[in-house]
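Notes to accompany the following structure.
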Amino acid sequence: MGERELLILLLAGLCVPASNQIRKVFVETVKSWSEAQSYCREKHTDLATVRSQEEAEQLLNITGDSLNDTAWIGLYRDDTQNWQWSNSDDVIYSNWKAELFCASVKSSGEWEDRVCNEGKAFMCYNETSNITERYTLIEELKTWTEAQQYCREYHTDLVSIKNASENEDLVKKAQGKPFWIGLFNNLWKWSRQGDNYTFHNWNGGEPNNWGGNEKCVEISKSGQWNDIPCTFQLPFCCDDGSSGQCFYGNTEKTWQEAQSYCRSQGRDLPTIQDQARVSEIISLINSTSKTTFWIGLYRDKQNWQWSNGDDVIYYHWRPPNLFCASVNSKTEWEGRVCNEINNFMCYSETSNITERYTLIEELKTWTEAQQYCIEHHTDLVSIKSDSENEDLVKKAQGKPFWIGLFNNPWKWSHQGDNYTFHNWNTGEPNNVGGNENCVEIGVRDDPSRGEWHDKDCSLKLPFFCFDDG
């Protein structure tokens, strides 16, 4: 079929320069999302971006009676998660309650990120050519770290999973029981580039990032590790990386100074990959009057990796649902399910500091809270510093509350367009079948609203294109 075009002016104030004129086009030809994207990019600019409820309604007005059910828009689910602020501020500060760092497998075969100190069954593997002896389910409930230590002592390691068929086989072997696997989300890196963080020997309750500033690691005479501020002055040794010898520097420095000193000599702070190496470092400490030494471990970005150092080549995560952020009474941030009800903090664009932030104690979902703040104030609050975070927690007087940060796996087809406005139908997006990665705008539920649904990208639907200028 041919195209029907309508010129829409998106007004900023009372008038808009010609360069801001955006022409929306409804294409009645039925295509998959990928085909629709290719068509729009070839003949127009891209699939349509929807920035407001008004724009959603304008799209439907273009179609008249031609849109019987649904049409594609340019929104799709990316492979990565990307936290962003409701008002499009850059995320330059964060204060996460970091605890969802270990992976388990559900009875459905989907993977979950879980709190590492939960007790679960776990799956060990053995390096053997006998397939029937390769995997062993241990039904005794242990934390992830306890499970890893058990597997390394009695088998080879916690299991790593390399493909879907292997995943299915292990789920059958577990007979419906959820179990730990060897995947963990690693905040820690070794100073010497290329060394993998797989072995660890944390003291009980460590690492705890006490005070939010413990990003470097010391080792004690007992061999246990503890995270502490990098600015502390501690003794250290330099690892030559070839013979494995560690040379004591006979001085005390901050972690960065110690690292620089070692590197200036063609060495680095020590990497510890097994218990034997722990014993070597302990013997060095015991030869001095010192009680703790720096090692080369420091806190960096999150990075999923397998316990045995295997490359991560296969994922089977459950559809993520922790997409909205709240702040608890300890000032820590938590990822929450967006349709939970919670207090929330609005902010207003004003020079009067006392009127800038408003705690709303009426319980709402994140989306309801966002809409309320936009209607009555400016938006949900963005937090840009530790002191601002503390001030808001004091203002909340111990109540947890929504903030404007949300985890966005959705992106617009047109590069650079921010995903801030959304108009999901109730219960959407729900990723039924684990394959709903594209978005349709529909009239089946409420023709006046144009609600969104996530759908399989291979479905054939009409679609909207737009042209710049």
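None of the figures in this text is laboratory data; all of them are computed from the coordinates on show. Owing to the predicted nature of the structure, the values given are computational and were not obtained by experimental measurement. FYI the Cβ positions are ideal-geometry reconstructions off the backbone, even for glycines, and counts take in every protein chain you see.
Going by average Cβ neighbours within 10 Å, how do the peptides 354-366, 335-347 rank, with the highest at the top? Before the final figure, lay out the partial values.
Values: 354-366: 14.9, 335-347: 19.2.
In decreasing order of mean packing, 354-366, 335-347 become 335-347, 354-366.
When only Cα pairs below 8 angstrom with a gap of at least 6 residues are kept, region 152-223 shows a relative contact order of 20 percent.
The alpha-carbon of Lys395 sits under 24 angstrom from the alpha-carbons of these lysines, leaving out residues fewer than 8 places away in its chain: Lys97, Lys330, Lys364, Lys384. Distant-in-sequence amide contacts of Trp410, defined by a placed amide H-H separation under 5 Å and a gap of 5 or more residues or a different chain, comprise Asp78.
Rg/Rh for region 117-249 to two decimals, with Rh computed the Kirkwood way over all alpha-carbon pairs.
With Rh from the inverse mean 1/r over Cα pairs, Rg/Rh is 1.05.
Among Lys106/Lys173; Lys106/Lys172; Lys142/Lys173; Lys142/Lys221; Lys120/Lys221; Lys142/Lys177, which pairs are too far apart, with a Cα-Cα distance over 20 Å? Going by Cα-Cα distance, Lys142/Lys221; Lys120/Lys221 fall outside the 20 Å limit. Residues whose amide H comes within less than 5 Å of that of Glu340, counting only those at least five positions distant or on another chain, are Trp366 (H built at 1.01 Å from N in the peptide plane). Over all pairs of different C-alpha atoms, region 171-288 has a mean inverse distance whose reciprocal, the Kirkwood radius, equals 15.8 Å.
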